[in-house]
Amino acid sequence: MARAEKAVTDESPPASLNRDWIVIALMGLVAGLTSALVLFASPWGIGVGYDSYFYLSAAQTLSDGIGLGRIHASGAFIPLTHFPPLYPTSITLVTQLSGSPSADAARWLQALLAGLLPVSVGLAAARSHGRWVGLAGAVYVAASPVLFARHLWAMSESVFYLVLVANWLALAAFTRRPSIRLAGVGGALAGLGYLTRYAGVSIVGMWALVWLLLPHNQGRSRWITLAAFALACSLAVLPWVVRNQLLDQALTNRSLVFHPPTLDQFKEAGRALASWLPVSQLPLWLRLGAVLIVGGGLSTIPLLAWRDESRGEHRAVFGWPAIIPLAFAGAYLAMLLLSLTLFDASTPLDSRILSPIYLALVVSALFTLPTLVAATSRRLRLALAGAGLLVFFVFANATYVLAADGRADGLGFNSRAWRRSPTVAAVRELPSDILIYSNESFPVSFHTGRPVFSVPERLDPVQSSERPDWEQAVAEMHVRLAQTEGVLVLIHPNELRVEMPPIETLTMGLVPLMEANDGTIYISRDSHQPSSG
């Protein structure tokens, strides 16, 4: 009997293995709940904005075998160059597997990626600080409204986050034991970052910065690993760069023009940072101050410890896993300022654009806080645990509010207002062959499936300058509308975007054909009223 009991005991799995499976199962539960919450929040469809329209159009044309781009209202195919290819290609893959349209495929893709992100961050933290720290990191990332919000829209950040985590893991492994193989893997992953978002060039900057600072990466092998990284990165991005150059005589469809960031853009960045603390009852300046103090403190501690270690004063306390995300945050911020100054003045410094910095700070904190907490007294650890729970509930509540709002009203072009727009409904009833211009050509085309020309813009938002030919372009629009008995559809005509011409110029020689609470359809004064479809 004793022998039998001993045999059973010997065959029982170790307690640590049981705990591993418990944590893995809990991480799977976190991933499933996060994915389900994205689906819960998007019954109207995934959030679609202006950039999303290009992604979804490119995914659909690629799925249809036409190529990566979009069909212009004139019927011409316009190749995608302004945005990189990895995200629309991912949507196409889901489209091919599911047989669903690109917008539906994007919704399922976003739900999947929303579940993968907390697990990937959690597993990364678990490797250094144990399973329970990893689980806490996964829960925090899943509850974070800043990151969750990005998965409610058909935008490339969701893929970019995972590519970032993969780069951080590869670079951390490289700092432990530099090798040609890891350098090649890192180069390929950095290339994927660029192919996801052009801002991913900052990942290359992160690798370069850490490579230069590594004290043990010396001698000839230092340059061999650099060559391996550069070769792998070039092989990943060169085909896309060459394609764009051949099609558009430009690498990314952007021109070099000097336009430094404005004070309003820095104010927008301040509001975005303040939104990282989702407590609207507190004044903006207080939330911004709290974010800067906490984020700055958690960033400074590992940097100071690394500085001391690099001087040989004492051994590493936090290590490279805490430093690497901060190196990325610095490279990304520098890239943003450079882009705003020289390439794209329209880049908003909002929470979406700054969210990779948020993720970098979160991951760095996951490698910093456990060491700090372990060095404190038991009473202080309990107080910090209570503060952590409070932060979790605040964040989880804000995330649920985002999901509930999305479920109630929809997001972007898939909002309740667009789906139930009387102006859009009237456009659907117009004759199928009528010429249509609109100040909101993308959402009108998105909901009607009809070709819609964009109203000529007065200002170029990318270069922050007035277009020299905008008046001629508006005059040509009026001629086409008169000759073809076309229509001008102005959504919220009294609230035109700043880059649009004055409404008096747009509607000169036109009369209202239909007026609704969200827009007006105009026709040339000399035209006959078109019959409905």
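The values are calculated or read from the model by the stated rules, or taken from the named source; none is laboratory data. Worth saying up front: this structure is predicted, and the values here are computed from it rather than measured. All Cβ positions, glycine included, derive from the backbone under ideal geometry; neighbour counts span all protein chains shown.
When residue 254 is evaluated against the numbered criteria (1) out of contact with any helix residue (DSSP H, G or I) (no Cβ under 9 Å at 6 or more places or on another chain); (2) at pLDDT below 80; (3) buried (at least 16 other Cβ atoms within 10 Å of the Cβ); (4) charged (D, E, K, R), which criterion, by number, is the only one it fails?
(1)
I need a count of the residues in the stretch 368-404 that are in contact with a Leu (Cβ under 6 Å, 6 or more places away or on another chain) and over 24 Å from residue 325 (Cα atoms).
1
Out of the stretch 58-75, which residues are of a type in the set (Gly, Ala, Ser) and either assigned to a loop (DSSP other than H, G, I, E, B) or free of Cβ contacts under 8 Å to residues at least 24 places away in the same chain (or both)?
Hits for the stretch 58-75 are 65, 67, 69, 73, 74, 75.
For every residue, the table says whether it meets (1) in the same structural domain as residue 362 (by TED's automatic domain parsing); (2) at pLDDT below 95; (3) in contact with a Leu (Cβ under 9 Å, 6 or more places away or on another chain); (4) buried (at least 21 other Cβ atoms within 10 Å of the Cβ).
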position: 164; (1), (2), (3), (4): no, no, yes, yes
position: 179; (1), (2), (3), (4): no, yes, no, no
position: 182; (1), (2), (3), (4): no, yes, yes, no
position: 213; (1), (2), (3), (4): no, yes, no, no
position: 224; (1), (2), (3), (4): no, yes, no, no
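Going by the structure shown, is residue 220 charged (D, E, K, R) and either modelled with pLDDT of 95 or more or surrounded by fewer than 14 Cβ atoms within 10 Å (Cβ to Cβ) (or both)?
Here the answer is yes, as residue 220 does meet what is asked.
Limited to the stretch 320-362, what total is found for residues that are out of contact with any Pro (no Cβ under 9 Å at 6 or more places or on another chain), over 17 Å from residue 214 (Cα atoms) and aromatic (Phe, Trp, Tyr)?
2
Could you list, ordered by first residue, the pairs with Cβ atoms under 6 Å in which the first is in the stretch 21-38 and more than 24 Å from residue 109 (Cβ to Cβ) and the second is of a type in the set (D, E, K, R), at least 6 apart or interchain?
From the stretch 21-38, the pairs are 23/131.
Quickly run through the stretch 444-461 and pick out the residues that are more than 24 Å from residue 504 (Cα to Cα) and either assigned by TED's automatic domain parsing to the domain that holds residue 52 or part of a helix (DSSP H, G or I) (or both).
Selection gives 445, 446, 447, 448.
Read through the list (1) touching a His at 6+ places or on another chain (Cβ under 8 Å); (2) in a helix (DSSP H, G or I); (3) β-branched (Val, Ile, Thr), then give the number of the only condition that residue 78 fails.
Status for residue 78: all satisfied but (2).
Need a quick list: helices (runs of 4 or more DSSP H) entirely within the stretch 376-434 having at least 2 residues that are touching a strand residue (DSSP E or B) at 6+ places or on another chain (Cβ under 7 Å) and β-branched (Val, Ile, Thr).
So the answer is 422-428.
For residue 490, indicate whether it is surrounded by 14 or more Cβ atoms within 10 Å (Cβ to Cβ), without any contact (Cβ under 8 Å) to a residue 40 or more places away in the chain and not in a loop (DSSP other than H, G, I, E, B).
So residue 490 fails the test.
Output the residues belonging to the stretch 392-401 that are among the β-branched types (Val, Ile, Thr) and surrounded by 15 or more Cβ atoms within 10 Å (Cβ to Cβ).
The answer is 394, 399.
In this structure, is residue 168 under 15 Å from residue 366 (Cα atoms), assigned by TED's automatic domain parsing to the domain that holds residue 238 and not small (Gly, Ala, Ser)?
yes
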